[in-house]
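*Asks:* One structure coming up, written as structure tokens, with questions to follow.
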Amino acid sequence: LREHEEFTKVKNIATIELGRYEIETWYFSPFPPEYNDSLKLYFCEFCLNFMKRKEQLQRHMRKCDLKHPPGDEIYRSGTLSMFEVDGKKNKVYGQNLCYLAKLFLDHKTLYYDVDLFLFYVLCECDDRGCHMVGYFSKVTSSAFLLLDAVEEKHSEESYNLACILTLPPYQRKGYGKFLIAFSYELSKKEGKVGTPERPLSDLGLLSYRGYWTRVLLDILKKHKGNISIKELSDMTAIKAEDILTTLQSLELIQYRKGQHVICADPKVLDRHLKAAGRGGLEVDVSKLIWTPYK
Ligand code: ACO
Ligand code: ZN
């Protein structure tokens, strides 16, 4: 999957330093012009301000008083914490995060209007502070209303995630599925179904497929008797279309008398469950302290 880079526009920044990691970048990111002659940028891992020289970062670290993302800690379980950062209240942080994320996201146009977004930043915490692992962003519901008015249509589709990123040093450890699971837990609390904004990257699609497959197979495995796609959607907050395509790809759907019917043969389920891989890190819902925005 490293052939990403072949599709890349001319990359400006080749590496970044972030906390204890030096990370090779994947894609072009539109940093302000004065940074364009730099091959390497130095990020403060807490406020995400970026600098061209190591000495600047060292000087910054002596006076930066953040030890975690700005905003509210809405989840803590063991050493994992999730912070909710409102782009309206933390514009500079939101912009810095977008610059950073774009280095690893190809498909997304970068929104500078961070006002419209909430950022959910996942951290591993220790005695030195809370170190960012990844994040996802989500358009606020009031922003959806605004967009509806502008575009004269209803985005009641409820996108529950705009962009998702696990920083490369943390990838393939289950954090991506944790972030995805978290986005659906928020949707459940809002009493809505959700779906990620399209297009998905290849890695994004793999991760979503993996998540949807695992969640649906687990339910079908435990459930006795018939179950409809609508019921699955109500239980999981996964949008009906996403459930249908997932079950179709697992060949668990038959079309009978003009209707999609789930045919979950236990043997077939077991075979799929074995192939479905690890479940990722669990979200412990009892540790999520959050009420939907009004
Ligand atoms: N090669 C093959 N499969 C992979 C790879 C890889 N390099 N990385 C992830 N996967 C698949 C696997 O099926 C994996 O499950 P498994 O490990 O049980 O087999 C599954 O994706 C998820 O793995 P996680 O460890 O839970 O996910 P991770 O923490 O690596 O994060 C993510 C996934 C967020 C997509 C990450 O790869 C990333 O940040 N990529 C760059 C940015 C990006 O493409 N984001 C999605 C854009 S679409 C959107 O934002 C709406
Ligand atoms: Zn800082």
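*Asks:* Could you run the Karplus curve 6.51 cos²θ - 1.76 cosθ + 1.60 with θ = phi - 60° over the range 247-263 and give me ³J(HN,Hα) per residue in whole Hz, x for Gly and Pro?
*Replies:* 5, 5, 5, 8, 6, 9, 10, 10, 10, 10, 6, x, 10, 7, 10, 7, 10
*Asks:* Separate question: Tell me, what does the Kirkwood hydrodynamic radius of the range 48-87 come to in angstroms if you use every pair of distinct C-alpha atoms?
*Replies:* 12.1 Å is the Kirkwood radius here.
*Asks:* Which value in Å does the Kirkwood hydrodynamic radius of the range 229-294 take, with 1/r averaged over all unlike C-alpha pairs and then inverted?
*Replies:* Kirkwood radius, the range 229-294: 14.4 Å.
*Asks:* Moving to a separate point now. Can you pull the one-decimal nm distance between simple spin-label points at R172 and D284, each 7 Å off the Cα toward Cβ?
*Replies:* According to this spin-label approximation, the distance is 2.8 nm.
*Asks:* Taking the DSSP beta bridges in the chain as the whole, what percent of them are antiparallel, to the nearest 5?
*Replies:* Roughly 85 percent of the beta bridges in the chain run antiparallel, per DSSP.
*Asks:* Still on this model: For the range 177-294, count all C-alpha to C-alpha pairs, find those more than 16 Å apart, and express that count as a whole percent of the total.
*Replies:* Summing the P(r) tail past 16 Å for the range 177-294 gives 62 percent.
*Asks:* To continue, here is another question. Averaging over every viewing direction, what projected area does the convex hull of the Cα atoms of the chain cover, in nm²?
*Replies:* 17.6 nm²
*Asks:* Roughly how many nanometres apart are two label points built 7 Å out from the Cα toward the Cβ at D127 and Y293?
*Replies:* In this crude spin-label approximation the distance works out to 3.8 nm.
*Asks:* Rg (Å, one decimal) plus Dmax (Å, integer) for the alpha carbons of the range 23-79?
*Replies:* For the range 23-79, the Cα-based Rg and Dmax read 14.2, 42 Å.
*Asks:* Just how far, in whole angstrom, is the range 190-247 from the range 19-80 if you go by their alpha carbon centroids?
*Replies:* 34 Å
*Asks:* Provide the descending list of Cα extents for the range 165-225 along its principal axes, expressed in whole angstroms.
*Replies:* In descending order, the Cα extents are 42, 25, 20 Å.
*Asks:* Report ³J(HN,Hα) in whole Hz for each residue of the range 204-209, in order, from the Karplus equation J = 6.51 cos²θ - 1.76 cosθ + 1.60 where θ = phi - 60°; Gly and Pro get x.
*Replies:* Per-residue couplings from phi come out as x, 5, 4, 5, 5, 3 Hz.
*Asks:* Between L205 and D113, what is the label-point separation in nm under the 7 Å Cα-to-beta-carbon projection?
*Replies:* Taking the simple label geometry, D113 and L205 are separated by 2.8 nm.
*Asks:* To continue, here is another question. Would you mind checking K88/K239; K52/K102; K67/K102 for any pair whose Cα atoms are more than 26 angstrom apart?
*Replies:* Result: K88/K239 exceed 26 Å.
Where a number appears in this text, it was derived from the coordinates with a stated rule and is not lab data. None of the values given here were measured: they were computed from a predicted structure. Quick reminder, even Gly has a Cβ in these numbers, built from the backbone with ideal geometry, and neighbours come from all protein chains shown.
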